[in-house]
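Contents: one structure, followed by commentary.
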Amino acid sequence: MNLKQLLSSEFGKLKANKAIIVSVVAALLVPIVYAGILLSATWGPYDHLSNLPVAVVNNDNGAVSGDEPLNVGAELVDELKAGEDLGGHFVTSTEAMKGLQNNDYYMFIVIPEDFSQR
């Protein structure tokens, strides 16, 4: 029996038994589905950060540089508000701690009092 006859005989048996075809297709799909699940986690890790509830507390008192007032903390807060990259809630320290305990926020960022001075 030559190779051509052997292959046609085997494919004929596969056509007759649909269960084998389904199991072969399912076995071929498992690695594709597995790879899709693994890769989907790394495709856009920063795409949905706006859904992350984060409290931002600005305790910065500002500073004076030469004759001009300087408030880097307020500028940082303005940039965070304008940039919608992070789901920021701008609150006081007390509200941030209370929100963290009630699971309203996943974390909070504190801008220290001497942020502009440094």
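The values are calculated or read from the model by the stated rules, or taken from the named source; none is laboratory data. Since the model is a prediction, treat every value here as computed from it, not as a measurement. Cβ: placed from backbone, ideal geometry, glycine included. Neighbour counts: every protein chain shown. Ligands, DNA and RNA are stripped out before the accessible areas are found, and what is left, the full protein with its side chains, is counted by its heavy atoms. Shrake-Rupley method; radii C 1.70, N 1.55, O 1.52, S 1.80 Å.
From the alpha carbon centroid of the range 28-77 to that of the range 98-118 is 14 Å. Shown for the range 5-81: the carbon plus sulfur share of the solvent-accessible area, taken with all protein chains present and a 1.4 angstrom probe, equals 65%. What the chain shows is 79 Å² of accessible area per residue, with the surface traced by a 1.4 Å probe over protein heavy atoms.
Within a straight-line Cα-Cα reach of under 20 Å, LYS4 can be paired with the following lysines, leaving aside sequence neighbours fewer than 8 residues apart in one chain: LYS13, LYS15. Helix 3-16 versus the longest principal axis of the chain: what angle, 0 to 90°, nearest 10, using Cα atoms? Helix 3-16 and the main axis of the chain meet at about 70 degrees. Each listed q (0.14, 0.17, 0.28, 0.29 Å⁻¹) maps to a log10 I(q)/I(0) for the range 71-118 from the Debye sum over equal C-alpha point scatterers, namely -0.39, -0.56, -1.09, -1.11. If both residues of a DSSP beta bridge must be in the chain, then about 25% of such bridges are antiparallel.
Seen from a random direction on average, the alpha-carbon convex hull of the chain projects onto 14.9 square nanometres. Working from label points 7 Å from Cα in the Cα-to-Cβ sense, the ALA26 to THR94 distance is 6.2 nm.
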